[in-house]
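Shown below is the structure under consideration.
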């Protein structure tokens, strides 16, 4: 290298600009460190604490850009109350008010933004002082993505002037686009049908990224409301992070939707993902958990080139608002007073709302062993759904069953993510803890063969176990707990010595394998050609849970009645919830002292005695892990 070349290289290196991107995702209306389902403080969640981390990150690197990656309007009773209660003219939705306070630069839509319908969404977003983006949610599809009529603007260009390492001001233009799973149209078909359309995320990005570059973007950031998957690229796929990251022209991505962490250990074995460094297809990526557990930060070092800039170095990191202590999450940062003040009135109104009495329960309603034993939470939901459908279809000649899955049952959301309602008076907050989503009641007609396959899909929740081997993990960590449907009105066994027919993502893995045995209704074997009515919810028959055949089943009941309203009406009509919870399914005995280990919440210890006395399981307590999960040993 000549002296002239060395001088040029040094000048270029000093001309580098550091651009910092900060991101939240999947906040799910967790604004404060408060759990409305238990009516108590929760130091491990909340945008108010993330706000403190945002302020620190801004102090470290001037010119920080702040984004959110969707699923911010739904998820707690605060969100339900904000959607239902009339708002005074000019008063912003509490989440939007908080985001305005924190000066978000752009926000992408997630699938749960549509849970309350378009009218509620548009009213909430009307108070936003930042651009709201979505490149693949449309009012009408055009001949190609660039001729679509979008519901929100597909992308935005943000102009910034930042000092380089020599102190010289430099102008940058940052392009930001947003994408969400096209399955949202099926998941919320009752509210969205005929009012909007969707396009494949990958197809939309491949069209809009060149458009962003042509419009002068020096850097392109994708707010991708999806996670990575080991499945090959397909049109309309839900978790498309890998093919999106591989698109030429995208420099950095914010991921979400699946509530996991990047950087972190969650995807360490997935090809194309450098989980520790936070890179997917070579691009820097952050996925900041759920409920405000983390702030994602991406630093890009940019060098000038002709024309524009090139990314010369990157770094991705997560910063947590809490650490796991022996008694649960322990806060690492204080809540930002500005955010607390922005939502104080809505918080107080929500507390009054959730404390309304709605009934009584004579039994504890907990989900600590929902994936191992008869579950009182699922029993309550199923009893209410069957009651409602039988009343709504009094002339039905077919047997009425009911399907329900545990919504709060550990998983990526952590050891505090369980329902635990003690016996006694029930308030609206308890109903929300049992049923946290604004689904609606549905009923479909299915065959015995479909029922058996439906239960096979649910049986993918478990690992294959080797008889005679102790200490084997029971649960497939990749399987979403909310896909484990229990169908009341049937009895069956699950043989864990056999491989699962379906993978964790709903893909057919072992077509000839059968874990489900002795499937019976009223004591008689279920025949393939038999027909049944199954009470369920709008999410499940819209294809939610990746069991798509249910989306094709004939719908025999479709009403705008919320699933939580069904539960409250049932309690008001039938009186207190009572036990015992009847067994509907069990594991087939494996023999040879086969012992499995299940992760549960620490308070499961209060219920192990009752479980053992019921005869549903042979259980004993194991150790409490550093991750906060209580290990429970099951003798199969």
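Using a basic spin-label model with each label point 7 Å from the Cα along Cα→Cβ, how many nm lie between residue 270 and residue 163?
So the two model labels end up 4.0 nm from each other.
Test of understanding: ordering 89, 366, 504 by Cβ neighbours within 10 Å, fewest first, what list do you get?
89, 504, 366
Provide the FRET efficiency to the nearest 0.05 for the residue 569-residue 87 pair, computing r from the beta carbons and using R0 = 25 Å.
That pair, residue 569 with residue 87, gives E of 0.40.
For the range 32-348, just say rounded, prolate or oblate: build the C-alpha gyration tensor, square-root its eigenvalues into a ≥ b ≥ c, call rounded for a/c under 1.5, and beyond that prolate if a/b exceeds b/c, oblate if not. Could you put the intermediate results ahead of the total?
Working: a/c = 1.40, a/b = 1.13, b/c = 1.24.
Rounded is the answer for the range 32-348, as its axis ratio a/c remains below 1.5.
Going by alpha carbons, how many degrees (0 to 90, nearest 10) lie between the helix axis of 201-214 and the longest principal axis of the chain?
Approximately 10 degrees, to the nearest ten.
For helix 3-14, what angle does its Cα long axis make with the longest principal axis of the chain, in degrees from 0 to 90 and rounded to 10?
That works out to roughly 50 degrees.
How much length would be gained if the chain were fully extended between residue 398 and residue 551, taking 0.36 nm per residue of separation minus their Cα-Cα distance, in nm to one decimal?
53.1 nm
If you don't mind, there's one more thing I want to ask. So for 201, 383, fewest C-beta neighbours within 10 Å to most, what's the order?
On the way: 201 27, 383 20.
Taking fewest neighbouring Cβ atoms as first place, the list is 383, 201.
Looking only at the range 468-612, where both bridge partners belong to it, what percent of the DSSP beta bridges are antiparallel (to the nearest 5)? Don't jump to the answer; show the numbers that get you there.
Values: 6 of 11 bridges.
Of those bridges, close to 55 percent are antiparallel.
While we're looking at this one, here's another question. What is the packing order of peptides 506-519, 129-142, taking the mean over residues of other C-beta atoms within 10 Å and listing the highest first?
Put in order of decreasing packing, that is 129-142, 506-519.
Can you give me the distance in nm between label points at residue 303 and residue 597, each placed 7 Å from the Cα along the Cα-to-Cβ direction?
For the pair residue 303/residue 597, the computed spacing is 4.9 nm.
Further, regarding this structure: Which FRET efficiency value, to the nearest 0.05, is calculated for residue 139 and residue 215 with the Förster distance at 35 angstrom and r the Cβ-Cβ distance?
Details: r = 22 Å, r/R0 = 0.63.
Calculated transfer efficiency: 0.95.
Now for a different question. Rank these for me by crowding, 114, 587, going from fewest to most other beta carbons within 10 Å.
By the 10 Å Cβ count, ascending: 587, 114.
Relative to the longest principal axis of the C-alpha atoms of the chain, give the angle of the C-alpha long axis of helix 563-574, reported between 0 and 90° and rounded to the nearest 10°.
Compared with the principal axis, the helix lies near 30 degrees.
How far is it, in nm, from the label point at residue 530 to the one at residue 355 when both lie 7 Å from their Cα along the line to the Cβ?
4.9 nm
With a/c under 1.5 counting as rounded, go ahead and sort the range 357-635 into rounded, prolate or oblate using the C-alpha gyration tensor (a ≥ b ≥ c being the square roots of the eigenvalues; past the cut-off, prolate if a/b is larger than b/c, else oblate).
Oblate.
A further question on this structure: Pull up the DSSP beta bridges for the chain and report the antiparallel fraction as a percent, rounded to 5. Numbers along the way, then the final one.
Values: 82 of 111 bridges.
Taking every DSSP beta bridge within the chain, about 75 percent pair in antiparallel fashion.
For the chain, what's the relative contact order in percent, using C-alpha pairs closer than 8 Å and at least 6 residues apart?
For the chain, the relative contact order is 14 percent.
Starting from the Cα gyration tensor of the range 496-636, take the square roots of the eigenvalues, sort them a ≥ b ≥ c, and report rounded, prolate or oblate (rounded when a/c is under 1.5, otherwise prolate if a/b is larger than b/c, else oblate).
Numbers: a/c = 1.66, a/b = 1.25, b/c = 1.33.
It is oblate, given that a/c is not under 1.5 and a/b is not larger than b/c.
A short reminder: the numbers here are calculations on the coordinates, not readings from a lab. Owing to the predicted nature of the structure, the values given are computational and were not obtained by experimental measurement. Note that we place each Cβ from the backbone using ideal geometry, even for glycine, and neighbour counts take in every protein chain shown.
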